[in-house]
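Read the structure below first, then the notes.
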Amino acid sequence: MMPQPILQMPNSVIKVLVVDDSVVIRKIVSEALADDPHVQVVGTASNGAIALQRIRQLSPDVVTLDVEMPEMDGIETLRHIRNEFPDIHVIMFSTLTERGASITIDALALGARDYLTKPSNSASLELALKTLKRDLLVKVKQFLSSVVPANPIKLESSALSQRKYYKGPRKAVVIGVSTGGPNALSAILPEFPAGFHLPVLIVQHMPPLFTRLLAERLQTLTSLPIREAVDGELVKPGEILIAPGGHHLQVRKTTEGVITELNQGQHENSCRPAVDVLFRSAVQVWGGAVVAVVLTGMGQDGLRGVELLRHEGAYVIAQDEQSSIVWGMPGYVARSGLADTVLPLSQVVPEILRIV
C-alpha cells in the first residue's frame with residue numbers, strides 16, 4: 001500500500017477527535033492536548049459507532065482511536081474511517097501487551113498512521129497526563145504541516161565538500177524509518193529478490209514486542225529471512241535484521257566476521273533504537289561500502305549518521321515527500337544535500353539493486 005502524503009492543515013490548527021471507552025482516558029487525552037494553541041480537541045466518543053457520527057459532524061483532522069471498545073472496536077472503526085474519510089490521520093491507542101501490540105500492527109497495515117501505548121493502570125493520573133503531554137502532542141503535531149525547515153541545516157563535518165567516492169562492491173544496506181514505517185517496509189521488502197546477497201539492517205522506531213510482531217508479519221511477505229536482531233550474532237548475507245524495541249542495534253567487526261551488538265544506552269533523538277547509532281557503527285565496520293536508506297518518519301534521527309556515511313562514500317537514498325507519511329527524517333537528509341537521490345517509495349529497492 002502506497003503511503004498517503006502528509007495532510008497540510010489550514011490556519012496551523014489541527015482538530016482532534018478522542019475515541020475511547022474509558023472516561024478517564026478520554027479526560028486525560030483531552031487535557032494533554034488542551035494547552036497547545038495548534039491543537040483543538042473538537043469532541044470525544046466512547047465507541048466506534050459514535051465516533052463515525054462525530055466525524056461526520058465535526059470533520060476532525062486526527063482521530064485518536066482506542067483498540068478495544070464495545071459495540072464497534074478500533075479495527076472495525078478504522079476500516080470505516082479509511083473507506084469513508086481517507087484523509088483523516090488515525091493514531092491508535094493500545095496496551096503494551098501481546099494482544100494490544102498484535103492488533104496495533106494489524107491497524108497499521110490497515111492504514112492507521114501511528115500509534116501510542118496507553119499509560120499503565122499503575123500510573124497516577126498526574127504521571128499519565130505528563131506522559132501523554134510529552135508523547136501524544138508530538139504524535140498529533142507531526143501531521144500539522146511540513147516538519148522540515150525550509151533552509152538546510154548546518155552540518156558539522158565536511159561531508160559535502162570532501163566526500164570520498166567509494167568504487168568497490170557494496171557490503172550492506174542500512175535502513176532507518178519511523179512514522180509510516182510498517183507500511184513502507186511492507187511495500188519495499190518483498191521487492192528484494194530471493195538471491196539478494198547483502199545483509200539488510202533496519203531501525204524502525206517501535207517499543208519492545210512490537211518489533212518482533214512486525215518482523216513476523218514482514219516475514220510472510222518476503223522470501224528473505226527476516227527477524228529481530230539478537231546480541232552477538234553473525235551478520236549474514238541475504239538476511240534482514242530489525243533492531244528490537246528498547247535496544248540500540250550496532251555492528252562490530254570481529255575475527256569471525258561482523259556481529260550485532262545490542263545495548264540499552266541513552267536515547268538518541270529521543271529514540272531507542274536510534275538510526276544514528278546503527279549508521280555510526282556501519283561507518284566503523286564498512287566505511288563507504290554501504291547503501292543507506294532513510295524512509296518516512298518524524299524528526300531527524302539518521303541525519304548525523306548519514307553525514308558520516310556520506311563522507312566515506314556511502315550511497316544515500318531518501319524517500320520523497322509525496323510518498324512519505326511524514327517527511328521529517330528523509331526531509332532533513334534531502335534538504336541538507338546529503339542524499340544521492342530522493343525517490344518515491346516504489347523506486348527505492350530498484351535503486352538499491354542498481355547500486356549493488
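Couple of notes before you dig in:
- Other-chain or far-sequence residues with amide H under 5 Å of residue 249's (modelled H): 274, 278
- Of the residues 260, 309, 165, the one whose Cα sits farthest towards the positive end of the charge dipole of the chain is 165 (charges of +1 on Lys and Arg Cβ, -1 on Asp and Glu Cβ, taken about the Cα centre).
- The 3J(HN,Hα) values that the Karplus relation (6.51, -1.76, 1.60; θ = phi - 60°) gives for the stretch 253-258 are, in residue order, 8, 10, 5, 7, x, 7 Hz. Gly and Pro appear as x.
- Bridge type composition, the stretch 261-356 - antiparallel percent by DSSP, nearest 5: 10
- The slack between residue 35 and residue 346, meaning 0.36 nm per residue of separation minus the straight C-alpha distance, is 108.0 nm.
- Probe 1.4 Å, accessible area per residue of the stretch 46-103, Å²: 43
- For P(r) over Cα pairs in 20 Å bins from 0, in percent, calculated from these coordinates, the label among [x] 31, 56, 13, 0; [y] 28, 54, 18, 0; [z] 31, 61, 8, 0: [x]
- Residues in the stretch 313-329 carry Karplus couplings, in order, of x, 5, 8, 10, 10, 10, 5, 7, 5, 5, 8, 8, 5, 9, 8, x, 4 Hz; the curve used is 6.51 cos²θ - 1.76 cosθ + 1.60 with θ = phi - 60°, and Gly or Pro positions show x.
- Approximating the spin labels as points 7 Å out from Cα along Cα→Cβ, the residue 99-to-residue 230 distance works out to 2.9 nm.
- Per residue accessible area in Å² of the stretch 223-352, where ligands, DNA and RNA are left out and the probe is 1.4 Å: 33
- DSSP loop trypsin sites (Lys or Arg not before Pro) with at most 10 other Cβ within 10 Å: longest gap in the chain: 168-356
- If both residues of a DSSP beta bridge must be in the stretch 183-275, then about 55% of such bridges are antiparallel.
- Segment residue 137..residue 355, full-extension length gain: 74.5 nm, with 0.36 nm per residue of separation and the alpha-carbon distance subtracted.
- For the set 127, 137, 189, solvent exposure ranked by accessible area (probe 1.4 Å, protein chains only) runs largest to smallest as 127, 137, 189.
- Listed pairs 167/253; 139/171; 167/236 exceeding 27 Å between Cα atoms: 139/171
- Counting only DSSP beta bridges with both residues in the chain, the antiparallel share comes to about 15 percent.
- Over the residues of the chain, the helix contribution to mean residue ellipticity at 222 nm works out to -10000 deg cm²/dmol, using -39500 (n - 2.57) for each DSSP H run of at least 4.
- Cα gyration tensor shape of the stretch 240-355, rounded if a/c is under 1.5, else prolate or oblate by comparing a/b with b/c: oblate
- Residue-wise HN-Hα coupling along the stretch 262-272, computed from phi with Karplus coefficients 6.51, -1.76, 1.60 (Hz; x: Gly, Pro): 10, 8, 10, x, 4, 4, 10, 6, 6, 10, 7
- Heavy atoms of residue 124: accessible area, 1.4 Å probe, square angstrom to 10: 60
- Taking the protein heavy atoms of the chain in the context of the full set of protein chains, the accessible area attributed to carbon and sulfur is 51 percent at 1.4 Å.
The values are calculated or read from the model by the stated rules, or taken from the named source; none is laboratory data. Predicted model only: the values in this text are computed from it and were never measured. No Cβ is skipped: glycine too gets one built from the backbone with ideal geometry, and neighbour counts run over all protein chains shown. Areas reflect the complete protein model, heavy atoms only, side chains present, ligands, DNA and RNA absent. Shrake-Rupley method; radii C 1.70, N 1.55, O 1.52, S 1.80 Å.
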